[in-house]
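Below is one structure; the comments refer to it alone.
Laboratory data are not the source of any read-out in this text; all were calculated from the coordinates shown. Just so we're clear, the structure is a prediction, and the values are computed from it rather than from any experiment. Cβ sites come from the backbone with ideal geometry, for glycine too, and all protein chains shown count toward neighbours.
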Amino acid sequence: MRNCSTKIITALAFSTMLMTAAPAEAAELKAAPMVDDAVIRLGDLFDDVGDKAAEIIMQAPAPGEAEKLNSYDLDRIAEDFGLDWERPNYLRTVMIQRDGVAFSLTDLNDLVLDAANQQGLTHDVEVTVYGSNRGLYLPTTASLADIEIERFTLSDRMDRFSATLLIPTGSAIPKKLKVNGTLQEVRLVPMLTRLIAPGEVITAQDIAWNQYPAKRLNRNSVLDQQSLVGQTVRRPLQPGQPLRVNDIMAPVVVAKGSLVTMTIQSGALSLSASGRALENGGDGDTIRVMNIKSKQSVEAKVISPGLVKVMSNSFALAAL
């Protein structure tokens, strides 16, 4: 009986020794470590580290940036945390990338506009933010709405600004971003939505209202839809561009060189004669017309295709 007990104890001791001597599963360095937190944990760098995965190694780089660890750093981390890992001879450095959401300076326009409105801006403006778009990232847990303004200065003419923005980093300390830019006043003006050929009548469906810098508009600019509908262009114009008064004209109703009937009304007396148009004319335009018989030219108002009304004066009466 005693021999049996001795054998069991010996067997248990041997089993325990085998369990103790059995190596743990070796840790594996990740090929392309990526983090989305403000700190780097052991599990972000190594696989198969068990319950040590949550242990914090160091602060993470800013969103969108990377941190380089050299061979000494890797050996020290493995030793500090008792990892079963041996660095390959070829491995010199590893880059740990911080994930982030990229944004551009243009994405800050609404934030700048809100700040300007709070300081008394009342007219419509186009915001331009100057600076570099490199390195502009938010943490994956943040959005543009989380960006705050620490300082905002608007010029007396309300056409320039400078600001200091607080960009979230995922930690208690935000990143400060200094920007400046312009606020250019704009107005809504009618523009063509498609290429219009000369002679083609412009309709309301061919017009869209777009913002355009106010300082580039003048008294020759077309600012209302009524000036366009029913008109045509003197030459093909690219859509999406502001129009000038001399870009448009009434569609030609009477073409230059065409035969027309000339009429004149004087009290109850109505006269008519054949004539030839000396210039193009749209509906309601006054053009020069030559009386074919007398070879005299007179001014006449275009009434409809082939019909003009001679202006009432003694010279015109004699010409007929």
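Below is a table of values for the structure above.
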{"item": "In segment 47-64, the residues that are under 26 Å from T169 (Cβ atoms), in a strand (DSSP E or B) and of a type outside the set (S, T, N, Q)", "result": "I56, I57, M58"}
{"item": "Top-ranked residue in segment 199-232 [being of a type in the set (D, E, K, R) and assigned to a loop (DSSP other than H, G, I, E, B); ranked as farthest from L188 (Cα to Cα)]", "result": "E200"}
{"item": "Condition met for A38 (surrounded by 13 or more Cβ atoms within 10 Å (Cβ to Cβ), out of contact with any helix residue (DSSP H, G or I) (no Cβ under 6 Å at 6 or more places or on another chain) and more than 15 Å from D80 (Cα to Cα))", "result": "yes"}
{"item": "Output for segment 35-67, where each listed residue is within 21 Å of A102 (Cα to Cα) and of a type in the set (D, E, K, R)", "result": "D36, D37, E65, E67"}
{"item": "Subset of segment 161-179 (residues that are exposed (fewer than 14 other Cβ atoms within 10 Å of the Cβ) and not in a loop (DSSP other than H, G, I, E, B))", "result": "K176, K178"}
{"item": "Search result, residues across segment 22-35 that are part of a loop (DSSP other than H, G, I, E, B) and surrounded by fewer than 16 Cβ atoms within 10 Å (Cβ to Cβ)", "result": "A22, P23, A24, E25, A26, K30, A31, A32"}
{"item": "Which numbered condition L121 misses (of (1) under 18 Å from K178 (Cβ atoms); (2) of a type outside the set (S, T, N, Q); (3) in a loop (DSSP other than H, G, I, E, B))", "result": "(1)"}
